[in-house]
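Each remark here refers to the structure printed beneath this line.
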Amino acid sequence: MDKTPRGPVPEEGWPAPAGAHYLDCLERLQTLVAPDWYLEIGTDRGASLALATCRSIAIDPDFKIAGPVWDNKPALHLFRQTSDDVFASGEIASLGAKINLAFIDGMHLFEFVLRDFINVERIMSRDGVIILHDVVPIGVASSAREWDKSKTRAWTGDVWKMTEILRDRRPDLTVDILDARPTGLAIVRGLDPTSDRLASDYDAIVDAYLTTELDPARREDLKETLDMQPAERFLDLWGGVA
């Protein structure tokens with residue numbers, strides 16, 4: 001799979017992730033976590049899915065898989081549906097899988113990502129890890145709620161809101177932001193599959209954040225509160241590399 005960095009160059013005055021490419025980080029995390037079950041939402045051409053070597057579940061309403069992502073896996077379940085429909089169907093639960101590692105990279109609007117996080121956490125092992133993509137906004141066009149393809153090839157939408165939501169509404173979670181190119185990764189640990197706090201507060205959270213925009217002042221605050229960590233250093237420490 002092609003791991004050539006893609007996406008927009010950060011605009012002046014915006015956060016600028018400059019660490020390892022996110023696919024390289026995902027590859028390291030597959031090794032560090034050594035999951036029995038891996039789940040991802042938003043597979044597209046399959047670059048991230050190809051990195052998993054365990055039993056895997058992939059969800060995407062419009063797969064564009066460009067290689068044999070199944071060759072290195074003992075089992076692979078593909079769901080060509082929206083994530084909302086998949087979780088509502090109960091089909092994943094019927095597999096009896098406890099997910100150890102999950103990657104959420106679906107629809108790039110925070111309310112969709114929030115629903116995905118709620119649904120995924122419910123089927124995670126307590127020592128599992130959820131990874132969120134596109135949590136670092138790097139420009140006006142790429143972080144807009146509507147994707148104008150005439151202005152940017154890549155679109156992060158307002159996924160950046162998820163870091164604030166998780167840290168505010170779920171202080172029991174550990175949320176680390178890595179400076180993975182081009183648009184960051186959030187590593188979420190300390191999961192509680194029994195928690196219903198986000199689900200019960202969902203409507204209130206959406207109402208509170210729906211119209212929030214990144215004006216210059218808020219953008220400067222965000223650069224500080226993101227607390228981006230060097231991806232290579234974070235993963236080395238996780239792996240016990242001095």
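The values are calculated or read from the model by the stated rules, or taken from the named source; none is laboratory data. Small disclaimer: the values here were computed from a predicted structure and weren't measured. Positions of Cβ are backbone-derived with ideal geometry, glycine not excepted, and every protein chain shown enters the neighbour counts. For accessibility, only protein heavy atoms count, side chains too; no ligands or nucleic acids. Shrake-Rupley method; radii C 1.70, N 1.55, O 1.52, S 1.80 Å.
For this structure, a couple of remarks:
- Amide proton proximity set for W37, modelled H, under 5 Å, gap of 5+: N100, L101
- Solvent-accessible area of M107 with every protein chain in place, 1.4 Å probe, in Å² to the nearest 10: 90 Å²
- For S150 and L109, the difference between the fully extended length at 0.36 nm per residue and the C-alpha to C-alpha distance is 12.9 nm.
- Residue-level accessible surface for F87, protein heavy atoms, 1.4 Å, Å²: 40 Å²
- In the context of the full set of protein chains, residues of the range 77-154 present 44 Å² of accessible surface per residue (probe radius 1.4 Å, heavy atoms only).
- Model label sites at S94 and K64, defined 7 Å from Cα along the beta-carbon direction, differ in position by 3.1 nm.
- Rolling a 1.4 angstrom probe over the range 168-222 with all protein chains present gives an accessible area of which 43% lies on carbon and sulfur atoms.
- Gap separating the Cα centres of the range 223-242 and the range 114-154, nearest whole Å: 20 Å
- If you sort E224, E111, E27 by accessible surface, 1.4 Å probe, largest first, the order is E224, E27, E111.
- Estimated FRET transfer efficiency when R0 is 30 angstrom, pair D127-D207 (beta carbons, to 0.05): 0.35
- In the chain, the inverse of the mean reciprocal separation of distinct Cα atoms equals 18.1 Å; this is its Kirkwood hydrodynamic radius.
- ³J(HN,Hα) computed for each position of the range 114-119 - Karplus, 6.51 cos²θ - 1.76 cosθ + 1.60, integer Hz, glycine/proline x: 4, 4, 4, 4, 4, 5
- In order along the range 216-228, phi translates into HN-Hα couplings of x, 5, 5, 5, 5, 4, 4, 4, 7, 6, 4, 6, 4 Hz, rounded to whole numbers, per the Karplus curve 6.51 cos²θ - 1.76 cosθ + 1.60 with θ = phi - 60° and x for Gly and Pro.
- Rounded to the nearest Hz, the phi-derived 3J(HN,Hα) couplings of the range 150-167 under the Karplus curve 6.51 cos²θ - 1.76 cosθ + 1.60 (θ = phi - 60°) are 7, 10, 8, 6, 10, 9, 8, x, 10, 4, 4, 5, 5, 5, 5, 4, 5, 5, where x marks glycine and proline.
- Within the same chain, lysines fewer than 8 places from K64 are excluded, and of the rest, those with a Cα less than 21 Å from its Cα are K3, K73, K149.
- Note on the range 17-118: with neighbouring protein chains present and a 1.4 Å probe, carbon and sulfur make up 51 percent of its accessible heavy-atom surface.
- Taking all protein chains together and rolling a 1.4 Å probe, S150 ends up with roughly 100 Å² accessible.
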